[in-house]
Amino acid sequence: MAQVCQEHLTAISELHRDLAGVAGLLAHTAPGVSDHNNGMSEKIRHCLTAVDGYLRVQVGEITDPACCEERQALVEVLGSGMLAALVGCLGALDFEAQKDAARLFSALLRLGAPIGMDAQIAAYVECNPEVVETLLEGLAMPDLALHCSQMLISCTKSAELAAALLREGAASKLIELVQHQNFDIASEAYSVLRGLLLSHKASTAKFVEANFDDFFGSFHTLLVLPRYVTQRQALKLLGMMLLDRSFKEVMFQYVKNERFLQIHMNLFRHNSKAMQIAAFHIFKVFAVMPQKPRRVQQILFRNKDKLLCLLDSFQSLGEQDAGLANDLQMTVRSLTQLEAPTRSPSACTP
């Protein structure tokens, strides 16, 4: 095993040297322009394939979290700056080499969990912010979006790395990219955002609680964007968060905000019945919440007749969906029983 490990470390050293050479070409040569650049991509592709194959076998064979060979290999990777180099040189490689680089990046991250080095990898990423910055910049480029998306999704599978991405402001940048005019870029950004917010719900919930106004100030731009697919995706993602027990405290804080209620009531005006139903699944939480803030109760009471009429139009859909039928019944009952908010003592003072 020691000999195999030494061969692996040698391969890592050679690979890092090659990556540094390719990264240097970025300042002088556009990707795919020169024969020298193409030759470098070919060389790196072979090296990546060899190291990637080794790592994939090792991940399947690890039985001891303290296994020295794998830990030594990953320490060497982090110490050499290979993760940053893989990301930095991505734009200078041809498509096949980009695929290999993305696979190796993911394999290195997968290796961290079985040998207990997730925290070290997360610390490395936070100490080298250019890793996340470059991946997010690459996500906005049509030629790199797919590979950068795969690499970012690999990051979200680690609780420590996902938390680091949130602290580095990745969520707000991804929300911007979900609004990109290029459909492929917007779709890849949504996939990463979904993984970032839902892969480790407890830690995400704490982040959202601590950054409530900033997070939803950014996220709600997706709900008011006049783009059907983006709005549907955002509503679905928001529903998966608010209706999950891990986000209970976030949900309680969310439904106290009358501006948020108005956003979802405005979505009821959409000409798509599917969009209206998606908005309903958020709206119902406002309606059935027992202790409503005065402004929320006032808005609901003032619009009660219109809302009941709209919900009645959903009844035919409920006949085919038992869950929807139960939610409609509960929401209609809550609205029907809703009374005008009592006037505050200060309002009664002459």
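The values are calculated or read from the model by the stated rules, or taken from the named source; none is laboratory data. Owing to the predicted nature of the structure, the values given are computational and were not obtained by experimental measurement. Using ideal geometry, Cβ is built from the backbone for each residue, glycine included, and neighbour counts are taken over all protein chains shown. Side chains included, ligands, DNA and RNA excluded: accessible areas come from the protein's heavy atoms. Shrake-Rupley method; radii C 1.70, N 1.55, O 1.52, S 1.80 Å.
Please count how many residues of the range 178-204 are open to solvent by 30 Å² or more (accessible area, probe 1.4 Å) and either without any contact (Cβ under 8 Å) to a residue 40 or more places away in the chain or within 13 Å of residue 139 (Cα to Cα) (or both).
So the answer is 9.
Considering each of 337, 298, 262 in turn, give the residue that is modelled with pLDDT of 90 or more, open to solvent by 40 Å² or more (accessible area, probe 1.4 Å) and closer than 20 Å to residue 231 by Cβ.
The match here is 262.
Enumerate the pairs (first residue in the range 258-271 and more than 15 Å from residue 232 (Cβ to Cβ); second residue anywhere and part of a loop (DSSP other than H, G, I, E, B) and aliphatic (A, V, I, L, M)) with beta-carbon separation below 9 Å, excluding pairs fewer than 6 apart on the same chain, so at least 6 apart or on different chains.
Within 9 Å, the pairs are 261/255.
When the range 113-130 is examined, which residues are found to be at pLDDT 75 or above and of a type in the set (A, V, I, L, M)?
119, 121, 122, 123, 125
What number of residues within the range 217-251 satisfy the criterion of being farther than 15 Å from residue 278 by Cβ, of a type outside the set (Val, Ile, Thr) and open to solvent by 10 Å² or more (accessible area, probe 1.4 Å)?
The qualifying residues number 9.
Could you check how many residues of the range 272-313 are in a helix (DSSP H, G or I), over 20 Å from residue 326 (Cα atoms) and under 32 Å from the mean Cα position of the chain (by Cα)?
1
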